[in-house]
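Following: one structure in structure tokens, then a few remarks.
The values are calculated or read from the model by the stated rules, or taken from the named source; none is laboratory data. Remember, predicted model here, so these are calculated numbers, not experimental data. Here the Cβ positions follow ideal geometry from the backbone for every residue, glycine too, while neighbour counts run over all protein chains shown. Calculation scope for accessible area: heavy atoms of the full protein, side chains included, ligands and nucleic acids excluded. Shrake-Rupley method; radii C 1.70, N 1.55, O 1.52, S 1.80 Å.
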Amino acid sequence: MKNTHSFHIPVMGIGFTIDTPLKVAQYGMDSVISLVDDILLEKLRKMYSEKFEVSYHEITDKIEDFRAKRITAYLNLISDLAEVKFESLKTMASEKSDALLAYVNMLPEDSKAKQEFKKLTLKGINTSEIKKWANKKLHMGSIDVNIMTKVDKDNYIKKEKLAVEYNDAHAALRGFAHSKLSSSVVLSAGMNPRLFAYMAQFSDFFPDENGQFKKRIILKVSDYRSALIQGKFLAKKGLWVSEYRIESGLNCGGHAFATDGFLLGPVLSEFKLKRKELQETIEGVWHQELLNTNRVIPEKPVTFKVTAQGGVGTDEEHTFLLNHYNLDSIGWGSPFLLVPEATTVDSETLTKLAKAKEKDLYLSDISPLGVPFNNLKNNTKDLEKQVLINKGRPGSSCPKKFVAMNTEFKDEGMCTASREYQFNKIKDLEKQNLPKQDYLKQYNKIIEKSCTCVGLGTSALLAYNLDTKVEGNGVSVCPGPNMAYYDKTMSLKNITDHIYGRANMVSRTDRPNLFIKELDIYIEYLKNKVEDAKVLLSKKEAKYLNTFSKNLKAGIFYYQDLFKNVSYSFKDSKLQILKKLEHSELVLNQMCCDIRNLEIKG
């Protein structure tokens, strides 16, 4: 089925989109809930149960399989409440219904439903006809979920390790699988073979004879090779990927999984060229596995969607990506953090985001996962962290332990942002008797880690005036670089009008094209890597830097050809973009010389 909208709202942090479907699904908009924090989900389930007078029975951590059960209960509640809102919108349908008008007005201009509604109401009001039309033509947005595949911590009871299916990501998957939702799970952060194999235990992920799935799989990837490898692995388990969601490696919010210099444009081009090949390759493997396991083979052919996200900020970019690369949807993330009607952000963080400029948004090393993390300077969680450092007691109390996966000091694992881990790590560092400068460099690397698994969810608690006694009031926030070009809160209508070119919410005229912005970030990333290599360059690092720079150079050539030949988009900015590409090529050439010189010295 074709999407109601040509955009989707990706997962943001842990709490920022935790109840987004309840706000936007009634308008046909797809969005994604993070399943990292079952404690937060349970708190919100209690809040919403009380608000909507729904029976609530607490699922405590004393109950067997409590994590999965909390997730199932929360998703079922959100599904029920969103369904009620949507049904109400259709039942109350009339030309004067505010909710119905909001639904129709926010649709893209080329929407068939929008055109039909205009015709239907052209000659006056017929409430009965409008209700019939609404029931037939309006669709609710999908309530999707996100699982970070690598956040799959082992769990223990009284120091006894539990079976793998009780690991965090496995329990989250089970919670979704047992829910009443008919929607998608977004698998992000790479391949987890055990988790992928575990999915095959749930019948909802398999098709019926019509090729329909109750539960669908979306793979978030940064390049074609990753899509092919993971897609084939899942197909060998009888699992079909219904969507490949391509995200820019660095020009995105949250964790940034840098590719080997593969830029978004060339990656999308490869998907466009090889889409049929991908379909045929994976379908062959999938069909064979369905045969081997005596499962239903659909009579109708199945297909998949290809979507993209990361740094998109204007209707021109949105339309170009859809049309030029034959995409099915575009993800809009960071700008939605400034839309209280869609996301859940506390007032202090909202103000900080609206005021943020380029200098306030940076790629940090604060994540305990050891992956680069897009961060906002002076967020309240980092300020809280600095207070503890100043007291000589660095590290978090680690109240939730969702990323307590480092086994350097104990089998049960510690989070690298925890006080326990940092105390032990600093003690080890002191034994090395390093020169002061080297010691400080290593010390700062240790204490830089921040308790993001708590901080990324706290904003929701503050926004709803819920208890933060355990979590504290510090908020981590992870906008992409695009946030710098929006300076005020927006309504849901404001942002949809912006996406579809009916309004302009970008606050500055000097915002770079999304491809150029990503290229700049990648060049800066490479520059930092080259700087680090000046201390010691191994053969492995030299190979990585050469591959990275080679792919960046190929990306620049691709963009030069693209912008010279494209005639239907970017007319006003084409010359400026080509000049910028020429400059980037010169900068990259110089860096290639630096890498060669380092190799000679090494």
Rounded if a/c is under 1.5, else prolate if a/b is larger than b/c, else oblate: which is the chain, with a ≥ b ≥ c the root eigenvalues of its Cα gyration tensor? rounded
Probe 1.4 Å - accessible area at LYS377, Å² to nearest ten: 100 Å²
Order 152-158, 310-316 from most to least packed using the mean count of other Cβ atoms within 10 Å. 310-316, 152-158
Given charges at beta-carbon only (K, R positive; D, E negative), |dipole| of the chain in Debye: 380 debye
Assuming a ≥ b ≥ c are the square roots of the Cα gyration tensor eigenvalues, decide whether region 13-107 counts as rounded (a/c under 1.5), prolate (otherwise, with a/b larger than b/c) or oblate. prolate
Express the relative contact order of region 1-64 as a whole percentage, based on alpha carbon pairs under 8 Å and six or more residues apart in sequence. 26 percent
MRE, 222 nm, helices only [DSSP H, n ≥ 4, -39500 (n - 2.57), over the chain, to nearest 500]: -15000 deg cm²/dmol
Rounded to whole angstrom, the alpha-carbon centroid of region 367-428 lies from that of region 323-356 at a distance of 28 Å
Using modelled amide H (1.01 Å from N, peptide plane; none on Pro or chain starts), what sits under 5 Å from the amide H of MET29, excluding residues fewer than 5 places away? GLY141
How large is Rg over Rh for region 411-475, taking Rg from the Cα atoms and Rh as the Kirkwood inverse mean of 1/r across Cα pairs? 1.14
Arranged from highest to lowest average of other beta-carbon atoms within 10 Å per residue, in what order do the peptides 139-145, 262-268 appear? 262-268, 139-145
Could you give the length gained on full extension between ASP467 and THR509, defined as 0.36 nm per residue of separation minus the Cα-Cα distance, in nm? 10.9 nm
Where only protein heavy atoms count, and the probe is 1.4 Å, what is the accessible area per residue for region 274-385 in Å²? 42 Å²
Within region 49-70, name every residue whose backbone N is under 14 Å away from a label modeled 7 Å from Cα of VAL84 along the Cβ vector. 49-56
Expressed as a percent, the accessible surface of the chain that is carbon or sulfur, using a 1.4 Å probe and the full set of protein chains, is 50 percent
Which far-off residues, 5 or more places away or on another chain, put their amide H under 5 Å from the one on VAL475, with H placed in the peptide plane? THR380, LYS381
Furthest towards positive pole of dipole, CYS593, ASN473, PHE373, structure part the chain, Cβ charges: CYS593
For ASP572 paired with PHE557, estimate the spin-label separation in nm (one decimal), with each label point 7 Å from Cα along the Cα-to-Cβ line. 3.3 nm
In percent, what relative contact order does region 107-214 have, based on Cα pairs under 8 Å that are 6 or more apart in sequence? 23 percent
Net lengthening on full extension, TYR56/GLU348 (0.36 nm per residue, minus Cα-Cα): 102.0 nm
Averaging sequence separations of C-alpha pairs under 8 Å and six or more residues apart, then dividing by the length of the chain, give the relative contact order as a whole percent. 15 percent
Long pairs among LYS543/LYS601; LYS136/LYS276; LYS385/LYS445; LYS237/LYS400; LYS2/LYS132; LYS159/LYS410, criterion Cα-Cα beyond 22 Å: LYS136/LYS276; LYS237/LYS400
Looks like region 271-422, by Cα gyration tensor root eigenvalues a ≥ b ≥ c and the a/c under 1.5 rounded cutoff (else prolate when a/b is bigger than b/c, oblate otherwise), is oblate
Cβ-based charge dipole, the chain, positive-most Cα from TYR500, SER184, ILE157: TYR500
Please list the non-local residues whose amide H lies under 5 Å from the amide H of PHE7, H modeled 1.01 Å from N, same-chain partners needing a gap of 5 or more. ILE330
Taking 20 °C and 1.002 mPa s as the conditions, I'd like the Stokes-Einstein D for region 484-602 in µm²/s, using the Kirkwood hydrodynamic radius from alpha carbon pairs. 128 µm²/s
Quick one: go through region 53-71 and flag any residue whose amide nitrogen is under 13 Å from the point 7 Å out along the Cα-to-Cβ line of GLN201. 65, 68
Which pairs break 19 Å Cα to Cα here: LYS69/LYS150; LYS131/LYS180; LYS23/LYS357; LYS527/LYS553? LYS69/LYS150; LYS131/LYS180; LYS23/LYS357
Residue-span extension gain [THR281 to LYS136] - 0.36 nm each, minus C-alpha spacing: 48.5 nm
In nm, the gap between the two label points placed 7 Å beyond Cα toward Cβ at ASN528 and LEU273 is 3.1 nm
